[in-house]
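J.: Please find one structure pasted underneath; my questions will follow.
The values are calculated or read from the model by the stated rules, or taken from the named source; none is laboratory data. Just so you know, these numbers come straight off a predicted model, no measurement behind them. Because the Cβ atoms are built from the backbone with ideal geometry, glycine has one as well, and the counts that use them run over all protein chains shown. Calculation scope for accessible area: heavy atoms of the full protein, side chains included, ligands and nucleic acids excluded. Shrake-Rupley method; radii C 1.70, N 1.55, O 1.52, S 1.80 Å.
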Amino acid sequence: MPSPSAPAAHPSSARPTSVLLANGVARLEVTLKLTTAILALAAGVYTYLGVRELLNGSPTTVFFAAVIYSVAVSVGIYAFWVFMMQFMPHVTSGIGRLMMAGCMLLGSLMIVAMSSWLNASALAGAAAIQQHLAITVQNYTRDLDRANSQAIAAQSLLPDIQLASSRFAKLAEAERAGSLTGTSGSGTVVQLLSQMSTQLDGLGQQVQESGKRVSALYEQGSKSLAKMRELISDRGPIATRSDAFATESLTLMGVIANLQQTSVAPAVRRAATSLSSGFIAPAAGGRSGDLAERQTAVVGKVEGAIATQAALLADAADKILALPRIEPTRYQTLSPAEAVLRYAGDFIPSWAGAISIDLMPAVLVLILCVVHAAIRREGLPAASASSLTAADLVTAMQVAREVEDARRAAEARPAVAPAEAPPAPTIEPQPAPAAAADENVTSLSSARVGK
């Protein structure tokens, strides 16, 4: 036989699940509101940090405007989720649930629009601007390398120019010994060959000087890039670093433009054109007719060689000039919010954290819906003595006392009523006297006989 005290040892084991759930909801009501308030406060703080970067004006105006906006966001978020916690779990109809779910979805979208992206800006704004600076540096490095490559491409013409100059100089030396015309001396042919060699030497010097200027400009651009990388890796305020970065970007754009203008390819193209089209064959200066004819023949051959060399230089210069012109990247200053939106795919964890702060109460609302559905499914039992409070017991005792008094008064009325009533006549039987006494009601026929 089980001990009578056994059920009392574990009173909670006999309590229905619905009672436990209802008590749990009642105990956690303050916790739910406090949690919602803390989450709304956190959203307001990060909203303040994000919106402060978007406002312009005096520091006082920016401060108060950001505070007012963040307070409005916090109050709106708190009120919305408290409303959802109070009403959504108790809506049981299908249409009502759909409408409440639609309201929650609409409210969540509005919260994301007015708060979450600003929270993400506060969480990852500086990192997003740093990424923007890093990508810009990569683009500037690419543009500088391309501009330098095009500028030094003309340096590839220098060996051909020097080779042609040396060739003409050697022919001039050979002609002094009479190798071309058969007559030694420094006549017309020697002068012509020396003149072509001198022109090509001058063109080669221009190419060499251009190479030195290109090297100096490229070194200057490399220093600007190094300064930009230092600004990216620095720990100072991101706004200050962004301004310094913009200054260096302007300097670097000027370097890239100068590199494109420093290219000697146009000068080589013009020199090659002048060599071929501007060539004027000198008159033979030989004292005899035979020598003059030989000089004229050599001059014709020299003219053909000059035309061939000029065509080669012109073709090489045209290939360099045909390269597309470089348009250097322009640095665009971004606010933290704009940078977070542009590079949103690279900051998914920050976006997830920002949205979770605002929409975490939605999980609590769904939990409440599930719990209240379980309570309704099982139903709450009648209250027992173990679950009543002192006030409930006092109220129950008072109600029981009033019920007992009313019962006693009802029992006392039938005993007095027959003694006061007149005797019924014998000629007419009384129908159902017991029922009348029980109901404490005088029948209509009895009332007429009494009169």
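J.: Could you give each residue of the range 208-213 its phi-based ³J(HN,Hα) in whole Hz, using Karplus coefficients 6.51, -1.76, 1.60 with θ = phi - 60°, and x for Gly or Pro?
T.: Once rounded to whole Hz, the list reads 5, 5, 4, x, 5, 5.
J.: Something else now. Given the whole protein assembly as supplied and a 1.4 Å probe, what does the accessible area of Glu327 come to in Å², nearest 10?
T.: In the full protein context, Glu327 sits at about 140 Å².
J.: For Ala126, what charge total do you get from the other residues with a beta carbon under 11 Å from its beta carbon, if Lys and Arg give +1 and Asp and Glu give -1?
T.: Counting the neighbours of Ala126, the net charge comes to +1.
J.: Using +1 at the C-beta of Lys and Arg and -1 at the C-beta of Asp and Glu, which of Gln208, Leu192, Leu231 has the Cα lying farthest in the positive direction of the dipole of the range 187-238?
T.: Ranked along the dipole, the leading option is Leu231.
J.: With every protein chain in place, what's the accessible area of Ser233 (1.4 Å probe, Å², nearest 10)?
T.: About 90 Å², rounded to the nearest 10.
J.: Which value, in debye to the nearest 20, gives the size of the charge dipole of the range 298-358 about its Cα centre, when Lys and Arg are +1 and Asp and Glu are -1 at the Cβ?
T.: So the dipole magnitude of the range 298-358 works out to roughly 200 debye.
J.: Ordering Ile77, Ile232 by accessible area with a probe of 1.4 Å, largest first, what comes out?
T.: Solvent-accessible surface, decreasing: Ile232, Ile77.
J.: Each label point is 7 Å from the Cα along the Cα-to-Cβ direction; what then is the distance between the points at Glu230 and Glu209, in nm?
T.: It works out to 3.4 nm between the two label points.
J.: Please give the contour-minus-distance gain from Ala37 to Arg325: 0.36 nm per residue of separation, less the Cα-Cα distance, rounded to one decimal in nm.
T.: Between Ala37 and Arg325, full extension yields an extra 97.8 nm.
J.: What is the dipole size for the range 99-177, taken about its Cα centre, with +1 at each Lys and Arg Cβ and -1 at each Asp and Glu Cβ, in debye to the nearest 20?
T.: 40 debye
J.: Run the numbers for Val30 and Ala396: contour at 0.36 nm per residue of separation, minus the present Cα-Cα distance, in nm.
T.: Length gained, Val30 through Ala396: 128.9 nm.
J.: Something else now. Mind grabbing the accessible area of Asp145 for me, 1.4 Å probe, Å², rounded to tens?
T.: Spelled out: Asp145, probe radius 1.4 Å, area about 60 Å².
J.: So what's the Cα pair-distance distribution over the range 13-159, bin width 5 Å, in %?
T.: 2, 8, 11, 11, 11, 10, 9, 7, 6, 5, 5, 4, 3, 2, 2, 1, 1, 1, 0, 0, 0
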